[in-house]
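Peer 1: Okay, here's the structure, questions in a sec.
The values are calculated or read from the model by the stated rules, or taken from the named source; none is laboratory data. A quick note: this is a predicted structure, and the numbers were derived from the prediction, not measured. Here the Cβ positions follow ideal geometry from the backbone for every residue, glycine too, while neighbour counts run over all protein chains shown.
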Amino acid sequence: MNIASRVTRVLSIEGVAILGAFVLMVLYFSFSSDSFFVADSIRYYVNEAAPIFLITAGLTYVIIAGGIDLSIGAVLGLSAGTSLTFSMWGWPTWASALIGIATGLLFGVINAAIITFFKVNDFIVTLGTLNIAGGLLTVLTDHKQLVGTSDKNFMAIAGTMVFGVTTGIVIAILAVVVLEFALLQSSYGRRVYATGIGRLPAFISGIDVDKVKFQAYVISGGMAGLGGVVLAAHLNSVQSGLAGGYELTAIAGAVLGGVSLSGGRGSIWRAVVGALFLATLKQGLQLLGVDPLIYQIITGLCILIGVVLDRSVYNLALRISGRNLERNHQATTELSSV
Amino acid sequence: MSEFRSKVSIASTRNRALMDPSFGVVALLALVVIVMSIFQPSFKTSGNATNIINAMMTVSFLAIGMTVVLISGGIDLSVGSTMALTAGVAGKFISYGMNMYVAFIFALIVGALVGLVNGLLITKLAIPDFIATLAMLGIGQGIMLYWTQGVPILGYMSTPYYYIGGLRKILGPISIPMIVLVVVALVVSILLKKTNLGLYFYAVGSSSVSTRNAGVHVGRIKIWAYVISGLLAGIAGIHIAGRTTTIPPLIGNGYEISAIAAAVIGGASLLGGRGRVVGALIGALTLTLTRNIINIVGIASSWQAIVIGCVLIGAVLANRASEMFGKRISERTEKLNKRKVSA
């Protein structure tokens, strides 16, 4: 086992390239800006991005099962609105949080029911629920800003410090770990992959594909609900249009991390690393004082470069390890012929 | 015998209508229009009809281009931002003193170039279409923001541009954009139905592997689809610049979603291989009519998004329902015919 083959083996783990790019970016930002690599700064922006990690994790289930969920951003905003409203009405913390999560679950169930029972297009249905959830948030906030619950415990959902990090981050990490574990180890996770790889073969091997998809959308909705509660607790203020466009960050992050939009391929940690990449990029550009007008150009280019880099490193590593395998094979056949 | 045959043909025509991928939404639209005309006198005025048609132009151009891309099995999220960029090219170049028509040609070239870049990114670099066009959306928006420094573009309008934007009519209610739209719709229809390229679009969208095995250069076909979409975004950009008389840098935001929604309501499938130009127009009409009715009935602005969301879901459900209904009826007539033949 020489070093080169070890390196190729590490490189052929999917997602390593994007992780590497992420680390390089963090290093670059911390050398070029004094305020980037400061614990407070990191804590702040990761906390800000915790809801995005949550919805990315939930969305990954839907995408791997072969679907898409565009409604998560708007549902996250609406859940933030409902939980904060109930908290402002003086409901206990746990009840307000539950109502936020229930809002997300409800939208997950609505998406899932329409898509699986009527077999209609997921893109359009979730686009419809995106509009509905966004509209309901506008109705709820009535064009004003919902400001401030006096419930300290509610704010503590995202703001308490545990081992030097905030609970918002802890919740996000826990959710990612649990969901990743379930996806890779549980039989349900296997069924999600099978459904995404091919509906028909999955169906023939006895998988209730509609049920699998239904559950995936409910998970995605539930994570949006949880994300909403965390965001509401973090900001302690909600206005119409909150979290609009989060779904695109989540989708772009997932694809950047190697999740295939045609289903059946990907994993949650990689999707979250992709989302982390995008969140960090935005934060870093702000700190470097880059002209905000060209943020989007840089983000767009970074997405393109990231995807190409990830694919080409993976393919290169595969090719090299394939060549090594061939060489070993040749060596063994030569040995056996002797 | 002849009576029997005519009955069969009527039945089969009826079935074919019901099986049509956008029959459900057309029926729904007809119903809504009838109800509105009865209860809202201001709805059936000719002025309002012209309003609706004018407002649906922009989305129609984009939806036709999107339909071509969807047929070939892709998706183009960049159309809104490309439209804004081409509008910016036309507006800026004219205000720099360039001849209007030369500026239009530049706008179309920029549109087609963006499409070409999309196509190359997707086919040569194997970037997923959703991500490549999403990145192009951001890049286009960014270029537009940086170029204009966030300030709306003004001062490019001239008398001929008022005609081209459809603000002045050439004959009765007929404006130049309407004629352009009809021509574009016809050309793209013929392209899709009568040419090899059109056939290949459907083939690539249905199964790119079998199309490649049949010896077709799949990558080139896909690139053409994105170039057509970009070119149509260019036409939409020239039109919207004339219609709004000022170009805010983010004028195209959200149009990509409207275009996809219109194409899918009109029966295009996001899985590829299905879609029609007429469908795209029906979809664009659905979206525009919804906005128009919201304004006329006076639904509070905060409820508008909810109504639009319900309409989107209702439209795909209506299509689905008519499809199921048509399938059931055709099965029944088939059974009846078999019984008749055996008798």
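Peer 1: Filter segment B:123-147 down to residues that are at the interface with chain A (Cβ under 9 Å from one of its Cβ atoms) and of a type in the set (S, T, N, Q), then give me how many there are.
Peer 2: Residues flagged as at the interface with chain A (Cβ under 9 Å from one of its Cβ atoms) and of a type in the set (S, T, N, Q) within segment B:123-147 amount to 1.
Peer 1: Taking helices (runs of 4 or more DSSP H) that fall entirely within segment B:154-260, which contain at least 3 residues that are crowded, with 19+ Cβ neighbours inside 10 Å?
Peer 2: Numbers: elements: B:159-164, B:176-194, B:196-206, B:208-213, B:218-244.
Those helices (runs of 4 or more DSSP H) span B:176-194, B:196-206, B:218-244.
Peer 1: For the subset of segment A:97-116 comprising residues that are touching a residue at least 60 places away in the same chain (Cβ under 8 Å) and touching a Leu at 6+ places or on another chain (Cβ under 8 Å), which member is surrounded by the fewest Cβ atoms within 10 Å (Cβ to Cβ)?
Peer 2: So the residue we want is A:I101.
Peer 1: Let me ask another. When you go through (1) assigned to a helix (DSSP H, G or I); (2) buried (at least 23 other Cβ atoms within 10 Å of the Cβ); (3) within 18 Å of the chain's Cα centre (by Cα) one by one for B:L77, which number turns out not to apply?
Peer 2: In the conditions (1) assigned to a helix (DSSP H, G or I); (2) buried (at least 23 other Cβ atoms within 10 Å of the Cβ); (3) within 18 Å of the chain's Cα centre (by Cα), B:L77 misses (1) alone.
Peer 1: Out of curiosity, is A:L137 crowded, with 23+ Cβ neighbours inside 10 Å and either outside any helix (DSSP H, G or I) or at pLDDT 90 or above (or both)?
Peer 2: Working: crowded, with 23+ Cβ neighbours inside 10 Å: yes; either outside any helix (DSSP H, G or I) or at pLDDT 90 or above (or both): yes.
Spelling it out, A:L137 is indeed crowded, with 23+ Cβ neighbours inside 10 Å and either outside any helix (DSSP H, G or I) or at pLDDT 90 or above (or both).
Peer 1: Moving on. Hey, can you tell me all the residues within segment A:294-314 that are polar (S, T, N, Q) and in contact with a Leu (Cβ under 8 Å, 6 or more places away or on another chain)?
Peer 2: Filtering segment A:294-314 for residues polar (S, T, N, Q) gives A:296, A:299, A:312.
The answer is A:Q296, A:T299.
Peer 1: Go through (1) closer than 30 Å to B:A259 by Cα; (2) at pLDDT 90 or above; (3) surrounded by fewer than 20 Cβ atoms within 10 Å (Cβ to Cβ) one by one and return the number of the condition A:F181 breaks.
Peer 2: (1)
Peer 1: Any residue at all in segment A:167-183 that's over 17 Å from the mean Cα position of the chain (by Cα) and not β-branched (V, I, T)? Let's see the steps before the verdict.
Peer 2: Let us first name the residues in segment A:167-183 that are over 17 Å from the mean Cα position of the chain (by Cα), namely A:167.
Retained after the next criterion (residues that are not β-branched (V, I, T)): none.
No, segment A:167-183 has no match at all.
Peer 1: In addition: Scan segment B:292-308 for residues that are buried (at least 18 other Cβ atoms within 10 Å of the Cβ), within 27 Å of B:A241 (Cβ to Cβ) and either within 11 Å of chain A (Cβ to nearest Cβ) or basic (K, R) (or both) and jot them down.
Peer 2: Matches in segment B:292-308: B:A305, B:I308.
Peer 1: Is it the case that segment A:84-101 has a residue that's more than 9 Å from chain B (Cβ to nearest Cβ), of a type in the set (A, V, I, L, M) and within 30 Å of B:A263 (Cα to Cα)? Explain how you work it out, then say what you get.
Peer 2: The initial filter retains those residues of segment A:84-101 that are more than 9 Å from chain B (Cβ to nearest Cβ), namely A:84-101.
Applying the additional criterion that residues be of a type in the set (A, V, I, L, M) yields A:84, A:88, A:95, A:97-99, A:101.
Within this subset, residues satisfying the condition of being within 30 Å of B:A263 (Cα to Cα) are none.
No: segment A:84-101 contains no residue that is more than 9 Å from chain B (Cβ to nearest Cβ), of a type in the set (A, V, I, L, M) and within 30 Å of B:A263 (Cα to Cα).
Peer 1: Of all residues in segment B:80-102, count the ones that are more than 13 Å from B:G242 (Cα to Cα) and either surrounded by 21 or more Cβ atoms within 10 Å (Cβ to Cβ) or touching a Cys at 6+ places or on another chain (Cβ under 9 Å) (or both).
Peer 2: So the answer is 4.
Peer 1: What are the pairs with Cβ atoms under 6 angstrom where one residue, in segment B:321-343, is within 27 Å of A:K119 (Cβ to Cβ) and the other, located anywhere, is modelled with pLDDT under 75 and not hydrophobic (A, V, I, L, M, F, W, C)? Sequence gap at least six, or different chains.
Peer 2: B:G326/B:N15; B:I329/B:N15; B:S330/B:N15
Peer 1: Within segment A:145-153, is even one residue among the hydrophobic types (A, V, I, L, M, F, W, C) and over 22 Å from A:L226 (Cβ atoms)? Give the derivation first.
Peer 2: Pass one, segment A:145-153, residues among the hydrophobic types (A, V, I, L, M, F, W, C): A:146-147.
Subsequent filtering for residues that are over 22 Å from A:L226 (Cβ atoms) retains A:147.
The answer is yes, given that some residue of segment A:145-153 is among the hydrophobic types (A, V, I, L, M, F, W, C) and over 22 Å from A:L226 (Cβ atoms).
Peer 1: Go through (1) more than 15 Å from A:A65 (Cβ to Cβ); (2) over 18 Å from the mean Cα position of the chain (by Cα); (3) crowded, with 16+ Cβ neighbours inside 10 Å; (4) not β-branched (V, I, T) and name the single condition A:A194 misses.
Peer 2: (1)
Peer 1: Turning to a different aspect of this structure: Of the residues in segment A:69-96, how many are crowded, with 24+ Cβ neighbours inside 10 Å and free of Cβ contacts under 8 Å to residues at least 40 places away in the same chain?
Peer 2: Residues flagged as crowded, with 24+ Cβ neighbours inside 10 Å and free of Cβ contacts under 8 Å to residues at least 40 places away in the same chain within segment A:69-96 amount to 0.
Peer 1: Does any residue of segment B:139-146 turn out to be closer than 26 Å to A:I303 by Cβ and touching a Pro at 6+ places or on another chain (Cβ under 7 Å)? Working first, answer last.
Peer 2: Step one: list which residues in segment B:139-146 are closer than 26 Å to A:I303 by Cβ, which gives B:139-146.
Going one step further and asking which of them are touching a Pro at 6+ places or on another chain (Cβ under 7 Å), we end up with B:144-145.
Scanning segment B:139-146 turns up at least one residue that is closer than 26 Å to A:I303 by Cβ and touching a Pro at 6+ places or on another chain (Cβ under 7 Å).
Peer 1: Checking B:E331 against (1) among the acidic types (D, E); (2) within 14 Å of another protein chain (Cβ to nearest Cβ); (3) over 19 Å from B:Y226 (Cα atoms): exactly one of these is not met. Which one?
Peer 2: (2)
Peer 1: From the residues in segment A:238-287 that are within 14 Å of chain B (Cβ to nearest Cβ), surrounded by fewer than 19 Cβ atoms within 10 Å (Cβ to Cβ) and polar (S, T, N, Q), which one is farthest from A:V62 (Cα to Cα)?
Peer 2: A:Q239
Peer 1: A follow-up question, please. Would you check which residues across segment B:268-278 are of a type outside the set (A, V, I, L, M) and surrounded by 24 or more Cβ atoms within 10 Å (Cβ to Cβ) and list them?
Peer 2: Step one: list which residues in segment B:268-278 are of a type outside the set (A, V, I, L, M), which gives B:269, B:272-276.
Result: B:G275, single match.
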